[in-house]
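A short write-up of the structure that comes next.
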Amino acid sequence: MSDPDKSTHGTGANGVNPDKDLNAQNLPGQRGDQGEVIGVRRGMFGANNGGDTSGYGGLVRTVRLPGATSRPYGGWFDEVADELEGALEEQGLVPENVIEKTVVDRGELTFHIEREYLPVVAKTLRDDPALRFELCTGVSAVHFPGDKGRELHAVYHLRSITHTRLIRLEVSAPDGDPHIPSVVSVYPTNDWHEREVYDFFGLIFDGHPALTRIMMPDDWQGFPQRKDYPLGGIPVEYKGAQIPAPDQRRSYS
Amino acid sequence: MGLEEKLPSGFLLSTVEQAAGWVRKSSVFPATFGLACCAIEMMTTGAGRYDLARFGMEVFRGSPRQADLMIVAGRVSQKMAPVLRQVYDQMPNPKWVISMGVCASTGGMFNNYAIVQGVDHIVPVDIYLPGCPPRPEMLMDAILKLHEKIQGSKLGVNAEEAAREAEEAALKALPTIELKGLLR
Amino acid sequence: MSTSSTSHATPRETTEGTVYTVTGGDWDEVVEAAAKTDDERIVVNMGPQHPSTHGVLRLILEIDGETVTEARCGIGYLHTGIEKNLEYRTWTQGTTFVTRMDYLTPFFNETAYCLAVEKLLGIQDDIPDRATIIRVLLMELNRLSSHLVCIATGGMELGATTIMIYGFRDRELVLDIYELITGLRMNHAFVRPGGLAQDLPPGAVDQVRAFVKKMRKNLTEYDKLATGNPVFKGRMQGIGYLDLAGCLATGATGPVLRSAGLPHDLRKSDPYCGYETYDFEVPTTDTCDAYGRFLLRLEEMRQSLRIVEQCLDRLEPGPVMVGDKKIAWPAQLALGPDGLGNSLDHIKKIMGTSMEALIHHFKLVTEGFRVPPGQAYVAVESPKGELGVHAVSDGGTRPYRVHFRDPSFTNLQAMAAMCEGGQVADVIVAVASIDPVMGGVDR
């Protein structure tokens, strides 16, 4: 469909361009204009060359992630944010420099951290008795090729067993300089997780004791889970027919 | 032993063939080559309810040198492929391969960078067993079909003859592009 | 051995020709020299194809005599690229992939994934109670089958084949229930975003009740067979030791963490699917060893049976899929003559009377539903520990990125800490007590 309101049919032809009408009530996907634009989608079926006969060729859709939230965050989120900022100040850091922004979305608290401060923040979160996030559930990465200058995002989820809380740290690095400090010295559990992210996304974790490939063979070329890496798939021969790889078939963008 | 391969064609050879086939099929030793989900079903087949021991197959060998059947049970990744080939090479002749499950047979639903699209890229396969994962009954059916194949296998000059016939048939066969069927 | 000969191999004439007998020769000196040095360090490569490594796990052990001085894991031999594959399929089709990650805990993978999708959609509160209760029921049955395989294969790796036969015997009983409910023994894809693929079939409740009764009886057999068995205890007690500090440092969760005495269980500390309303206990031990983990798993199975019974008591008739028709798919599955398919009534309706319903069905199946942009993290307590799903959407009909934080992967890192300094034979016990499933480790 033309717009993300998941209606069955018909609204695609009503002339509403979601790019221009972001605050329309019928667009639950767009959360105001304070979101963070990470890319623009054109068309519908992923067909970019040749004439589009589907009628959806002129479709333009902005991909907009939830943007920064301002206080109060609600619940224990404010408490955690206050404690973290206070603890950073005690160490002589300016919280505004360390924490790029704070996002509260779907009941989850996310701190976007400047990458050079990540180990300090992780150590603070682990050691401060009021924060005490003992368990790091590893790092996951997301590749946003459209998010210029911060294409690679590393996402850490920290769990506090003591306070039964869960927060998320997000760090970004550009494709041209894919370096993020390692937090293995703070959370040894991230050893394999960082290797995995390196293996799949090519993010280099500075200070990791042995950053080598973990899943793919050692001599593998490329970082397979980045968006610019094809899904792969070899031709399957069936009575002369060639089945293209799934990423070369028609898709809905 | 190799002696049976030197027998002249005729009554003696076909008798020996039958005896050898019967002996071979009655005590096939599978190598443990469990990879993924199918491996669990393979173990289930060996356990109490399905009881592969009824077919003289309960002894799964840890060492490939003592095994003559490799049941490739599960998806084969690019990283595992050389290991699989090495294990296959370590098995003594005669040896057979069952490709268990769609992932081993064709790559299955994982048409991607990580999975070998069919274990027949690496080793010759005797029986392809579909299913994701196949039920233990299906594995047993595949094993019984393999037993039939082993029983009927040729020796010596007969084996050469069979190989020659297969080669001729393959040469005469239409290329897949020229095959006409319901889908074309 | 001929000591007078200087040749490496002495020739000997036989009827078949000259036969050379290889003896020690001058290698004796090499062997003696090697024996004199203190450095008896040998690097043993165990796996990736080894009957005792619990799947395609490769262990690289540096051993000094019988003592393991260093242990490292090589993984990735089952890497399947499932996370990447998910990005090319709709959100609903995703369950088909995630169920094959840790193939011993399919319902946990599916439920965790679906909870994450539902959180992204913001429909957590709209999931029908019946669907949630059946999810809990299936998850707890799955905990049983997973622990049974752990105990069975763990026993087999110790050489105790009887335990394996017992474990698989009881697992078959659970699989029969799965087959009745979902139609499949493994890899079910039964839990879908918004609810379940279909309702319980007739007779399922009775069969589960009969199973609970039978399983209660069978569980005591493990106690009789193994718990007090001196050989079993001798192999397990004090082996695979990992204390609380080690668990927290390596991020170990699940039975490994609870065997160190910390009663951390997400079902209690961060409840999902209404676990806070169920009456069960989280067993712990403070032995920190493989034997403690074995006992924990037995006790967790008993607690799971309690939860299963409570689920059965709570089941009320009702829908099992969210009411929003924009998301609910499949909504109208029924058992047809050719297996599973859309119910004939539904087909009659969409083909015969409602063009809009047909279009809607077509679009929902081919295109899928859109999920608002954002990210969500949902964790469930799988039999192995914290199974976390980090799902990112960019507003499309397909996941932008889904990452599974698999407990097997994280827990396996503790292998080195458990094994170093111990005996070679104890490596097997330690790895078996972690219960890593390589499908989950490598994904």
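Output the number of the condition that C:V322 fails; it satisfies all remaining conditions of (1) closer than 30 Å to A:Y156 by Cα; (2) within 14 Å of another protein chain (Cβ to nearest Cβ).
Condition not satisfied by C:V322: (1).
Regarding A:D228, is this residue within 10 Å of chain C (Cβ to nearest Cβ) and open to solvent by 40 Å² or more (accessible area, probe 1.4 Å)? Please lay out each step first, then the result.
On the way: within 10 Å of chain C (Cβ to nearest Cβ): no; open to solvent by 40 Å² or more (accessible area, probe 1.4 Å): yes.
Spelling it out, it is not the case that A:D228 is within 10 Å of chain C (Cβ to nearest Cβ) and open to solvent by 40 Å² or more (accessible area, probe 1.4 Å).
Identify all residues within the stretch A:124-137 that are in contact with a Lys or Arg (Cβ under 9 Å, 6 or more places away or on another chain) and open to solvent by 60 Å² or more (accessible area, probe 1.4 Å); write none if there are none. Steps first, answer last, please.
Going residue by residue through the stretch A:124-137, those that are in contact with a Lys or Arg (Cβ under 9 Å, 6 or more places away or on another chain) are A:125-126, A:131-137.
Within the stretch A:124-137, A:R126, A:R132 meet the criteria.
Would you mind finding the one in C:G240, C:G246 that is closer than 30 Å to A:K123 by Cα and part of a helix (DSSP H, G or I)?
Working: C:G240 fails: part of a helix (DSSP H, G or I).
Matching residue, one of C:G240, C:G246: C:G246.
Collect the residues in the stretch A:86-123 that are within 14 Å of another protein chain (Cβ to nearest Cβ) and open to solvent by less than 20 Å² (accessible area, probe 1.4 Å), keeping them in residue-number order.
Scanning the stretch A:86-123 gives A:V103, A:D105, A:E108, A:L109, A:T110, A:F111, A:H112, A:A122.
Looking only at the stretch C:211-225, count every residue that is more than 19 Å from C:R143 (Cβ to Cβ) and open to solvent by less than 60 Å² (accessible area, probe 1.4 Å) and tell me the total. Explain how you work it out, then say what you get.
Here is the first cut: in the stretch C:211-225, the residues more than 19 Å from C:R143 (Cβ to Cβ) are C:224-225.
Now restrict to residues that are open to solvent by less than 60 Å² (accessible area, probe 1.4 Å): C:225.
Residues that pass the stated criteria total 1.
Considering only residues of the stretch C:160-183 that are of a type in the set (D, E) and more than 8 Å from every other protein chain (Cβ to nearest Cβ), which is surrounded by the most Cβ atoms within 10 Å (Cβ to Cβ)? Spell out the reasoning first.
As a first pass, look at the stretch C:160-183 and keep what is of a type in the set (D, E): C:170, C:172, C:176, C:179.
Filter once more, keeping what is more than 8 Å from every other protein chain (Cβ to nearest Cβ): C:170, C:176, C:179.
On the way: C:D170: 25, C:D176: 14, C:E179: 15.
Among residues in the stretch C:160-183 that are of a type in the set (D, E) and more than 8 Å from every other protein chain (Cβ to nearest Cβ), the one surrounded by the most Cβ atoms within 10 Å (Cβ to Cβ) is C:D170.
Cβ-Cβ below 8 Å, separation at least six or inter-chain, first residue in the stretch C:402-421 and more than 9 Å from every other protein chain (Cβ to nearest Cβ), second surrounded by fewer than 24 Cβ atoms within 10 Å (Cβ to Cβ) and of a type in the set (S, T, N, Q): which pairs?
That search, which allows pairs on different chains as well, returns C:E420/C:T69; C:G421/C:T67; C:G421/C:T69.
So B:S77 fits all but one of (1) open to solvent by 10 Å² or more (accessible area, probe 1.4 Å); (2) more than 16 Å from the chain's Cα centre (by Cα); what number is the exception?
(1)
Please tell me if C:D270 is surrounded by fewer than 17 Cβ atoms within 10 Å (Cβ to Cβ) and either within 14 Å of another protein chain (Cβ to nearest Cβ) or under 19 Å from C:M415 (Cα atoms) (or both). Lay out the reasoning, then the answer.
Working: surrounded by fewer than 17 Cβ atoms within 10 Å (Cβ to Cβ): no; either within 14 Å of another protein chain (Cβ to nearest Cβ) or under 19 Å from C:M415 (Cα atoms) (or both): yes.
It is false that C:D270 is surrounded by fewer than 17 Cβ atoms within 10 Å (Cβ to Cβ) and either within 14 Å of another protein chain (Cβ to nearest Cβ) or under 19 Å from C:M415 (Cα atoms) (or both).
Quick one: B:V102 ticks every box in (1) away from chain A (no Cβ under 14 Å); (2) closer than 30 Å to B:D51 by Cβ bar one, so which box is it?
Going through (1) away from chain A (no Cβ under 14 Å); (2) closer than 30 Å to B:D51 by Cβ one by one, B:V102 breaks only (1).
Being under 13 Å from B:V97 (Cβ atoms) and of a type in the set (D, E), is that true of even one residue in the stretch B:127-144? If you could, list the steps in order and put the result at the bottom.
Quick first cut of the stretch B:127-144, residues under 13 Å from B:V97 (Cβ atoms) only: B:127-129, B:142-143.
From the residues that got through so far, the ones that are of a type in the set (D, E) too are none.
No, because not a single residue in the stretch B:127-144 is under 13 Å from B:V97 (Cβ atoms) and of a type in the set (D, E).
With respect to B:S99, determine if the residue is within 14 Å of the chain's Cα centre (by Cα) and open to solvent by less than 10 Å² (accessible area, probe 1.4 Å). Before the answer, list the steps.
Details: within 14 Å of the chain's Cα centre (by Cα): yes; open to solvent by less than 10 Å² (accessible area, probe 1.4 Å): yes.
The answer is yes for B:S99.
Can you tell me which of (1) over 30 Å from C:E367 (Cα atoms); (2) in contact with a strand residue (DSSP E or B) (Cβ under 8 Å, 6 or more places away or on another chain) is the one C:R401 doesn't meet?
Result: C:R401 fails condition (1) only.
Yes or no: the stretch C:184-202 includes at least one residue that is of a type outside the set (D, E) and part of a helix (DSSP H, G or I). Don't jump to the end; show me each part of the working.
Residues of the stretch C:184-202 of a type outside the set (D, E): C:184-198, C:200-202.
Next, from what is left, pick out any that are part of a helix (DSSP H, G or I): none.
No, that holds for no residue.
In the stretch C:346-364, is there at least one residue being within 7 Å of chain A (Cβ to nearest Cβ), under 30 Å from A:H157 (Cα atoms) and not acidic (D, E)? Before you say what the answer is, go through the steps one by one.
Kept after step one, since they are within 7 Å of chain A (Cβ to nearest Cβ), are these residues of the stretch C:346-364: C:356, C:359-360, C:363.
Subset that is under 30 Å from A:H157 (Cα atoms): none.
No; the residues of the stretch C:346-364 include none that is within 7 Å of chain A (Cβ to nearest Cβ), under 30 Å from A:H157 (Cα atoms) and not acidic (D, E).
Mind checking which strands (runs of 3 or more DSSP E) fall wholly inside the stretch A:132-207 and carry at least 1 residues that are at the interface with chain C (Cβ under 9 Å from one of its Cβ atoms) and without any contact (Cβ under 8 Å) to a residue 40 or more places away in the chain?
Hits in the stretch A:132-207: A:135-143, A:152-160.
Just one of C:T95, C:T69, C:T90 is polar (S, T, N, Q), assigned to a helix (DSSP H, G or I) and more than 10 Å from chain B (Cβ to nearest Cβ); which is it? Break it down into steps so the answer makes sense when it comes.
Numbers: C:T69 fails: assigned to a helix (DSSP H, G or I); C:T90 fails: assigned to a helix (DSSP H, G or I).
Result of the check over C:T95, C:T69, C:T90: C:T95.
Restricting to the stretch C:105-144, give me the number of residues that are in a helix (DSSP H, G or I) and open to solvent by 10 Å² or more (accessible area, probe 1.4 Å).
Filtering the stretch C:105-144 for residues in a helix (DSSP H, G or I) gives C:106-121, C:124-126, C:129-144.
When the remaining residues are screened for being open to solvent by 10 Å² or more (accessible area, probe 1.4 Å), the result is C:115, C:119, C:121, C:124-126, C:129-130, C:132-133.
Of the residues in that region, 10 qualify.
Which residues, taken from the stretch A:56-73, are open to solvent by 30 Å² or more (accessible area, probe 1.4 Å) and of a type in the set (G, A, S)?
Matches in the stretch A:56-73: A:G57, A:G58, A:A68, A:S70.
Going by what's in this entry, would C:R297 be described as of a type outside the set (G, A, S) and under 20 Å from the mean Cα position of the chain (by Cα)?
Numbers: of a type outside the set (G, A, S): yes; under 20 Å from the mean Cα position of the chain (by Cα): yes.
Criteria met by C:R297.
Report whether or not C:E157 is assigned to a helix (DSSP H, G or I), assigned by TED's automatic domain parsing to the domain that holds C:P399 and open to solvent by less than 10 Å² (accessible area, probe 1.4 Å).
Numbers: assigned to a helix (DSSP H, G or I): yes; assigned by TED's automatic domain parsing to the domain that holds C:P399: yes; open to solvent by less than 10 Å² (accessible area, probe 1.4 Å): no.
It is false that C:E157 is assigned to a helix (DSSP H, G or I), assigned by TED's automatic domain parsing to the domain that holds C:P399 and open to solvent by less than 10 Å² (accessible area, probe 1.4 Å).
The values are calculated or read from the model by the stated rules, or taken from the named source; none is laboratory data. This structure is a prediction, so every number in the text was calculated from the model and none was measured. Every residue, glycine as well, gets a Cβ built from its backbone with ideal geometry; the counts of neighbours run over all protein chains shown. Please note that ligands, DNA and RNA were not included when accessible areas were found on the heavy atoms of the full protein model with its side chains. Shrake-Rupley method; radii C 1.70, N 1.55, O 1.52, S 1.80 Å.
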